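See below for the structure under consideration.
The values are calculated or read from the model by the stated rules, or taken from the named source; none is laboratory data. Source: prediction; values computed, not measured. Note that each Cβ is placed from the backbone with ideal geometry, even for glycine, and that neighbours are counted across all protein chains shown.
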2 protein chains.
Amino acid sequence: MDAQRDHTTIRAVAARAGVSRQTVSNAVNSPERLSAGTLARVREAIEELDYRPDAAALALTSRRSRLIGIRIGHSAQRHPSAPEELLREFVRAAARYDYRFVIFGSSPTDADQIRGYGEIWRRRAVDGFIISDGHARDARPRWLHDHKVPFAVFGRPRDGAGDDHPWIDVDARAGMRLVVDHLVARGRTRIAFLGWAPDAAGGDDRAAGWAEAMASHGLDADVTVRTADDSVRAADARVEALLRDSRPHAVVCASDRLAAGVVRAGSRLGLSIGDDVLVTGYDDAPAATTTIPELTTLREPFDRVADFLVDHVVHAAGIANEAPPRTRVVEPQLVVRESTIGTRA
Amino acid sequence: MDAQRDHTTIRAVAARAGVSRQTVSNAVNSPERLSAGTLARVREAIEELDYRPDAAALALTSRRSRLIGIRIGHSAQRHPSAPEELLREFVRAAARYDYRFVIFGSSPTDADQIRGYGEIWRRRAVDGFIISDGHARDARPRWLHDHKVPFAVFGRPRDGAGDDHPWIDVDARAGMRLVVDHLVARGRTRIAFLGWAPDAAGGDDRAAGWAEAMASHGLDADVTVRTADDSVRAADARVEALLRDSRPHAVVCASDRLAAGVVRAGSRLGLSIGDDVLVTGYDDAPAATTTIPELTTLREPFDRVADFLVDHVVHAAGIANEAPPRTRVVEPQLVVRESTIGTRA
DNA sequence: CTGAAAGCGCTTACAG
DNA sequence: CTGAAAGCGCTTACAG
């Protein structure tokens, strides 16, 4: 049962090398203090015994767990709080500092999550948190800030909330401009928008971006439909009348799942998606490549997002690294597929 | 920078309650040893100061991190090593014991992963591991077993590998029987199978299960197609000839993505999926509900899988809980959707 | 350059 | 019932 018995400790290495424990510690942390001979001897012992410093002891003395906390589960918005692809980038980014991620669950409400942060923080089980699903009227940043917990947020503060914490966001407006420009270049002018019910979440930037881009081309931005949730089924049901009555040349969607619903509804109505009507998604989620035709969409640069967020938390935890700027906005990338250029292209 | 300064320690609680530090420890761990009065006083102090024992100190004295390691990323098979839904269940299951998960990355090769396990284990950064993507000729269980690391595997050992470690698996054969029975009940007899190239991964059980179920109905199991990878595109390309030449009544697929490819190809050929030809998937992944029509599929009981695996690791780490049986096989559940009953149903 | 001392925050025996 | 002692595995000053 007690599988933890036979770990090599610093004591064993010291005995093997014929030095004191402090000298072994110095060999690991301040090798320049040792004579070449001693250093070589200690290193050999470390090698032979395959010694690694104990994580708990290290955390206790350094007051640093080398762990970052992140919640997984549904978010207050319609997306998972941390899609797998993003999680993967977090792990990669943290590994640059020999940090790892601890995942925990909780309900999507801010209050429950704050309780969770508090519980973990009081135990000093992590060095900080990343909030991967920042939203409007978000109570979490303030709490973390007030409690002096290192953290950084994916998603900009809204409703005039202060910029008193680090955040990074994707410029959805710039993304929507790419989309609309692309559709206009394909000769479409009657371009509708399908989004979620307004609620100050990220979706509103997507809607606003579409409207702005339309205006910049001198086009009317008056055909808009909203669904209650981010589901294929809801989009399908909600968009059918639009497709039939307004006869748009293209439908710009706030997500790939919504776009998949448009593809469904359009196909059922006998429209050729990518020819009769162009459809675009957002996120480059798995749904973008399971439809017929595949979806033109916008991909967020998760790698840069993860680097930024991890850099901040690690820095706030006292690890020496270049202090990143307090905030940053990055642009999504247009991924062109059949849903806007047709299958015969 | 040093945000970690103002944590409440056991010393502060002791001072506040006017007792020694051990007495505070006893109040937390062995309350029955204290007199009612002292206990109340200590508890009040804990409450007022919002004290929680330090995780690192606890880990150091108890030799238990209350952390389980799991790798995320691509697997040697065609699936992600731990889809988000499964990860969520892991987190829930671990929380029952006040355990959490640490995630780390690595390439999909066994050798790299073993290196990773070793690195983490030597530091005693976790109490054990869960392998969520056990496969044939899997070198990881042996290594972990030989090094006395607590672990449990999702996926049964193959190639006559010993049952010397805990594992749980989903009975794909039983699942395929449900699928074939369902199709036969819908009056179909010419039932084809679309799977992956044989490679001793889990996919082979799915193929074998289909063949067995066919035989049990006295049906020929001779129409089979294999793709190189688990992609919609590959399935689409690969299945077109089958659909055209063999004219099956139904296509049973080894995954939802493959099934989505069949839906694509079938629709392009003018076949009505769910009527002319029935299609089934496997996994109840997001892809299952983004196709038109939505896919009948098999869902694996991730909740029971997670409970089993966590119970084992936690038990091996010395936490008192009921020792689960060494191995277990659970059955998937048939989820019937339009792809086998038509949209007019 | 190397090691004896003290301490990180806690727990487990063990006296009193 | 309560507290003084020793220790978990390490590191950081600080003597020598």
(message) Against the condition more than 16 Å from DNA strand D (Cβ to nearest atom) and within 7 Å of another protein chain (Cβ to nearest Cβ), how does A:GLU84 come out, does it pass?
(response) yes
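Has the range B:138-151 got at least one residue that is among the basic types (Lys, Arg) and more than 12 Å from chain A (Cβ to nearest Cβ)? Show your work before the answer.
Taking the range B:138-151 as the starting set, the residues that turn out to be among the basic types (Lys, Arg) are B:140, B:142, B:148.
Applying the additional criterion that residues be more than 12 Å from chain A (Cβ to nearest Cβ) yields B:140, B:142.
Within the range B:138-151 (the criterion being among the basic types (Lys, Arg) and more than 12 Å from chain A (Cβ to nearest Cβ)), the answer is yes, since at least one residue qualifies.
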(request) List the number of the failed condition for B:ALA45; all other conditions in (1) hydrophobic (A, V, I, L, M, F, W, C); (2) within 16 Å of DNA strand D (Cβ to nearest atom); (3) more than 8 Å from chain A (Cβ to nearest Cβ); (4) closer than 25 Å to A:SER62 by Cβ hold. (result) (4)
(request) Residue by residue through the range B:92-137, note down the ones that are under 18 Å from B:ASP159 (Cβ atoms) and touching a strand residue (DSSP E or B) at 6+ places or on another chain (Cβ under 8 Å). (result) B:ILE131, B:ASP133, B:GLY134
(request) From (1) touching a residue at least 40 places away in the same chain (Cβ under 8 Å); (2) away from DNA strand D (no atom under 11 Å from the Cβ); (3) surrounded by fewer than 20 Cβ atoms within 10 Å (Cβ to Cβ), pick out the condition that doesn't hold for A:ARG16. (result) (1)
(message) Need the failing condition index for A:ASP98 against (1) over 23 Å from B:ALA82 (Cα atoms); (2) without any contact (Cβ under 8 Å) to a residue 60 or more places away in the chain; (3) of a type in the set (Asp, Glu), just the number.
(response) (1)
(request) Please specify each residue of the range B:46-95 satisfying the condition of being at pLDDT 95 or above and polar (S, T, N, Q). (result) B:SER65
(message) Looking at the range A:194-210, can you tell me whether even one residue there is crowded, with 21+ Cβ neighbours inside 10 Å and either without any contact (Cβ under 8 Å) to a residue 12 or more places away in the chain or in contact with a Cys (Cβ under 8 Å, 6 or more places away or on another chain) (or both)?
(response) yes
(request) Could you tell me whether the range B:45-57 includes any residue that is among the aliphatic types (A, V, I, L, M), more than 16 Å from DNA strand C (Cβ to nearest atom) and within 36 Å of the chain's Cα centre (by Cα)? (result) no
(request) Taking the residues in the range B:90-113 that are surrounded by fewer than 20 Cβ atoms within 10 Å (Cβ to Cβ) and either among the charged types (D, E, K, R) or assigned to a helix (DSSP H, G or I) (or both) as candidates, determine which candidate is farthest from the other protein chains (Cβ to nearest Cβ). (result) B:ASP110
(request) Kindly provide the set of residues from the range B:34-43 that are surrounded by 10 or more Cβ atoms within 10 Å (Cβ to Cβ) and either of a type in the set (Gly, Ala, Ser) or near DNA strand C (Cβ under 8 Å from one of its atoms) (or both), ordered by number. (result) B:ALA40
(request) Sort through A:ALA125, A:ALA197 and tell me the only one that's more than 28 Å from B:ASP54 (Cβ to Cβ) and among the aliphatic types (A, V, I, L, M). (result) A:ALA197
(message) Are there helices (runs of 4 or more DSSP H) fully within the range B:252-345 with at least 3 residues that are crowded, with 21+ Cβ neighbours inside 10 Å, in contact with a strand residue (DSSP E or B) (Cβ under 9 Å, 6 or more places away or on another chain) and away from every other protein chain (no Cβ under 11 Å)? List them.
(response) B:302-316
(message) Against the conditions (1) within 7 Å of another protein chain (Cβ to nearest Cβ); (2) in a strand (DSSP E or B), where does B:ALA125 fall short? Just the number, please.
(response) (2)
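On the basis of being surrounded by fewer than 16 Cβ atoms within 10 Å (Cβ to Cβ) and not assigned by TED's automatic domain parsing to the domain that holds B:ALA82, does B:ASP229 make the cut?
yes
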(request) Scan the range A:13-25 and give yes if some residue there is within 29 Å of B:ILE68 (Cα to Cα), within 14 Å of another protein chain (Cβ to nearest Cβ), in contact with a Pro (Cβ under 7 Å, 6 or more places away or on another chain) and more than 7 Å from DNA strand C (Cβ to nearest atom), otherwise no. (result) no
(request) Pull up the range B:58-81, narrow it to residues that are within 9 Å of another protein chain (Cβ to nearest Cβ) and assigned to a loop (DSSP other than H, G, I, E, B), then point me to the one that is farthest from DNA strand C (Cβ to nearest atom). (result) B:GLY73
(request) Using the structure shown, decide if A:ARG63 is out of contact with any Leu (no Cβ under 9 Å at 6 or more places or on another chain) and crowded, with 20+ Cβ neighbours inside 10 Å. (result) no
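Return yes when B:ALA76 is in contact with a Pro (Cβ under 6 Å, 6 or more places away or on another chain) and in the same structural domain as B:ASP127 (by TED's automatic domain parsing) and no when it is not.
yes
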